[in-house]
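Undergrad: Got a structure here, written out as structure tokens. Questions coming.
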Amino acid sequence: MRDHPKSQTLALLTAFWLFGCAATPLFDKPKNWDERNRLQPPTPTWEKQRDGGYEHYGVGTIENVGNRYLLSLDCQGIQRVYAKGNQDVQLDKYLRTFVRVRYVYTTVMNPHIRCLQPPCHPVPETIAVITHIEPLNDAKATRAQNPCIP
């Protein structure tokens, strides 16, 4: 008994289709893909890129938490990140005041972690390094906070 010619053609086309699907990646990179895109997460909606770093929308405050500083941003909820000033910025004089800051993110190793079971290794942590800070008076802070704009 001979196979029907249409079934042979169908089997051949199915084989070519399966081979083509296996040889092609399921998701292809867009034409404008840049390898840097893979390493840079999208900018959150409460900040914008500026001068090689970031500037936040809304109002910020600096708090002391133990021996560290905490930058709190009030825009679309409260966003918090550990912070430190660069060599030109002293954060102590801006504690508990409304501020607008420019910052860059950096990753540092934190050796002071709570350890449940030794050995414990330092943990990478992203912090904001503040490069510029501007105090806001009450009127500027209210204006910046209401529409959540810089």
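Undergrad: Looking at (1) in contact (Cβ under 8 Å) with a residue 12 or more places away in the chain; (2) in contact with a Lys or Arg (Cβ under 9 Å, 6 or more places away or on another chain); (3) not β-branched (Val, Ile, Thr), which is the only condition Met109 fails?
TA: (2)
Undergrad: Please give the number of the condition Thr97 fails out of (1) without any contact (Cβ under 8 Å) to a residue 24 or more places away in the chain; (2) polar (S, T, N, Q); (3) touching a Ser or Thr at 6+ places or on another chain (Cβ under 9 Å).
TA: Of the numbered conditions (1) without any contact (Cβ under 8 Å) to a residue 24 or more places away in the chain; (2) polar (S, T, N, Q); (3) touching a Ser or Thr at 6+ places or on another chain (Cβ under 9 Å), the odd one out for Thr97 is (1).
Undergrad: With respect to the numbered conditions (1) over 21 Å from the mean Cα position of the chain (by Cα); (2) closer than 22 Å to Trp46 by Cβ; (3) not β-branched (Val, Ile, Thr), which one is the sole condition not fulfilled by Asp74?
TA: So the condition that Asp74 fails would be (1).
Undergrad: Which residues, taken from segment 59-96, are under 13 Å from Pro135 (Cα atoms) and either modelled with pLDDT under 90 or assigned to a strand (DSSP E or B) (or both)?
TA: Val59, Gly60, Thr61, Ile62, Leu95, Arg96
The values are calculated or read from the model by the stated rules, or taken from the named source; none is laboratory data. Note that the structure is predicted; figures quoted are calculated from it, not measured. All Cβ positions, even for glycine, are placed from backbone atoms using ideal geometry, and neighbour counts span all protein chains on display.
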